[in-house]
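Scroll down for the structure; my scribbles are underneath it.
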Amino acid sequence: MDQPLISLSNIDAGYNGKTALKGVNFEIFKGDFIGVIGPNGGGKTTLLRVILELIKPSKGKIKRYIEKSDIGYLPQVNQFDDKFPITVSDVVLSGMTKGINLKRKRNASAEKRVEETLNRVGVDALKNRPIGELSGGELQRTMLARAIISVPELLVLDEPNTYVDNRFEQELYRILKELNETMAILLVSHDVGTISPYIKTIACINKSLHYHPSNEISIDQLKVYNCPIEMVTHGTVPHRVIGEHKSD
Amino acid sequence: MEIFQLLEYDFFRNAFLAAFLMSITCGIIGTYIVARRMVFISGGITHASFGGVGISYFFGWPPMAGAAVFALIAAITTENLTRKKVIRNDSLIAVMWSLGMAIGIIFIYLTPGYAPNLMSFLFGSIITVTTTDLILMLALTLVVMLFFILFYRIILFVSFDEQFAKTRGIPVMLVNYTLIILVALTIVLSIRVAGIILVLSLLTIPQNAANLFTSNFSRIIIWSVILGFIGAFSGLLVSYYLNIPSGATIIFSLVTIYVLGRAIKAISSQRRILSK
Ligand SMILES: Nc1ncnc2c1ncn2[C@@H]1O[C@H](COP(=O)(O)OP(=O)(O)OP(=O)(O)O)[C@@H](O)[C@H]1O
Ligand SMILES: [Mg+2]
């Protein structure tokens, strides 16, 4: 664990002069599985945008030790037009692009990769469907397939559990655990009760970032971190917000 | 008179070729516009170009050149300011839309004498298409076809999810600017066919008809080209025989095609329900 995949030091970032992130120091290492939590508007998406170099920070330094195309990305649901006339397989194929490539014929191996990836997230039957005819959960699976088809070194997911039913949520976490063997994962959620039991560490964002080097965090600690989050817990879990699931 | 005999007339042959070329260009560019929800932007560019027409009348320049300059300025300004979020997109477009028309009207009124082809700019006149127009249309059609054939997937990916495309290293800005320029040029040349007031329908009705039956970007393009051509050609014939401005008859044919499409769709889905 000598060299990180990416490191942010003392980052300020925002929109039109309004700060959304302040003084963020953050490093992601190989093998990490970090849950990013924080309230709505806390700056979770902004952090991902900084990491993906979609916005320039107004202050601070980013050091990336992997290629930009080695980061897989699942955006929050409101980023794209979910009625756009594009098929599931084309969406997933877009995850394999790297810059401008004049080869427009889809070759057999790319086709096969698309199918395998769709199969992995369980929507292979929907391959030729336009995305406008998918359910919310099916769309999220498609977006996950797009994010992982390039087998990235780092996978960043912005609230992938939106619209997803409980069964797929469990499946999603199982897939992510599997993926985590080969790639680092950054998983954003505003809802700590439904965050994956497989995460290893927690980053809490409310403008500033607090890194919590374990996957258990108590409400008291969240208060200390000034990180008020929606408490959607199942049953009565007064203090331990996230705990290890009992081995099954 | 036989249709084939009509084609022996120069003016009719030119009109036929213009309908053919613009069906291809509008089929492709219109699909991009509709898919990306840029119909209002296109309306702004269209009407802004009228300012160029007016100024050209005043100075005695070729009107289409003035229209092209204004359309390009409008297109690039929209793209640029939208990105910087200086002003709300739709408000900006509304300003350009009416400012262009206002400039056009002011200069036309300042021009001494009668503005000869004003009606043809407002309502289109495919019958008076010249060889120069045709050469420009051919050039644009080739450029648009080539661009979409070479970069089809890039265009598709950028249109669908710009942010994601950026993360894959696609030069999104370059793609966006190239496309908005092609949109502006397509609009200007289509004004010959349908006029400023009607041009938007050339870019949207065939696409919406095609979209009734497919939601696949490339198939919408192909069907828009085919339906656009059928509409333009039949409109042209009606215009000739009834002596009505061609822009209006073409739009009327296109709407008829759309309504027929809806009817076919309704009947076939009813059948499907009944057979179950
Ligand atoms: N495109 C934008 N333009 C201007 N301000 C923005 C933009 N996107 C986000 N913001 C602002 O930046 C702050 C952080 O937003 P961000 O999207 O990062 O929050 P988030 O933690 O992802 O919230 P959510 O849980 O709602 O997704 C918010 O105050 C928001 O209003
Ligand atoms: Mg967010």
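The values are calculated or read from the model by the stated rules, or taken from the named source; none is laboratory data. Being a predicted model, the structure only gives us computed values, none of them experimental. Here the Cβ is made from the backbone with ideal geometry for all residues, glycine too, and neighbour counts use every protein chain on show. We work out accessible area using only protein heavy atoms, side chains counted, and drop any ligands, DNA or RNA first. Shrake-Rupley method; radii C 1.70, N 1.55, O 1.52, S 1.80 Å.
Quick check on segment A:94-107. Is at least one of its residues outside any loop (DSSP other than H, G, I, E, B) and under 22 Å from B:ALA35 (Cβ atoms)?
Narrowing segment A:94-107 to residues outside any loop (DSSP other than H, G, I, E, B): A:94.
Narrowing the set further to residues that are under 22 Å from B:ALA35 (Cβ atoms) leaves A:94.
Yes, segment A:94-107 contains a residue that is outside any loop (DSSP other than H, G, I, E, B) and under 22 Å from B:ALA35 (Cβ atoms).
Out of (1) in contact with a Phe, Trp or Tyr (Cβ under 8 Å, 6 or more places away or on another chain); (2) of a type outside the set (S, T, N, Q); (3) within 14 Å of another protein chain (Cβ to nearest Cβ); (4) buried (at least 21 other Cβ atoms within 10 Å of the Cβ), what's the single condition that is false for A:LEU47?
(3)
Which condition breaks for B:VAL144 when tested against (1) within 14 Å of chain A (Cβ to nearest Cβ); (2) crowded, with 19+ Cβ neighbours inside 10 Å?
(1) is the only condition that B:VAL144 fails.
Which of the numbered conditions does A:LYS59 fail, given that it passes all the others? Conditions: (1) within 26 Å of A:THR142 (Cβ to Cβ); (2) in contact with an Asp or Glu (Cβ under 6 Å, 6 or more places away or on another chain); (3) charged (D, E, K, R).
The number of the failed condition is (1).
Can you tell me how many residues within segment A:158-200 are part of a strand (DSSP E or B) and at pLDDT below 90?
2
Mind checking whether some residue in segment A:120-133 is at the interface with another protein chain (Cβ under 9 Å from one of its Cβ atoms), open to solvent by less than 60 Å² (accessible area, probe 1.4 Å), out of contact with any Asp or Glu (no Cβ under 7 Å at 6 or more places or on another chain) and within 16 Å of ligand 1 (Cβ to nearest atom)?
Scanning segment A:120-133 turns up no residue that is at the interface with another protein chain (Cβ under 9 Å from one of its Cβ atoms), open to solvent by less than 60 Å² (accessible area, probe 1.4 Å), out of contact with any Asp or Glu (no Cβ under 7 Å at 6 or more places or on another chain) and within 16 Å of ligand 1 (Cβ to nearest atom).
Among B:SER120, B:SER159, B:SER125, which is small (Gly, Ala, Ser), within 14 Å of another protein chain (Cβ to nearest Cβ) and crowded, with 16+ Cβ neighbours inside 10 Å?
Just a single option satisfies the conditions, and that option is B:SER159.
Can you find a residue that is more than 9 Å from every other protein chain (Cβ to nearest Cβ) and in contact with a Ser or Thr (Cβ under 8 Å, 6 or more places away or on another chain) anywhere in segment A:95-109?
no
Among B:ILE221, B:ILE250, B:ILE170, which is within 14 Å of chain A (Cβ to nearest Cβ) and outside any loop (DSSP other than H, G, I, E, B)?
B:ILE221
What strands (runs of 3 or more DSSP E) completely inside segment A:1-84 contain at least 1 residues that are more than 19 Å from the chain's Cα centre (by Cα)?
Strands (runs of 3 or more DSSP E) meeting the threshold: A:6-15, A:18-28, A:59-64.
So A:SER189 fits all but one of (1) within 16 Å of ligand 1 (Cβ to nearest atom); (2) among the hydroxyl-bearing types (Ser, Thr, Tyr); (3) over 12 Å from the mean Cα position of the chain (by Cα); what number is the exception?
It fails just one condition, (3).
Check segment A:26-42 and report whether any residue there is at the interface with chain B (Cβ under 8 Å from one of its Cβ atoms), within 16 Å of ligand 2 (Cβ to nearest atom) and either open to solvent by 10 Å² or more (accessible area, probe 1.4 Å) or farther than 24 Å from A:GLU115 by Cα (or both).
no
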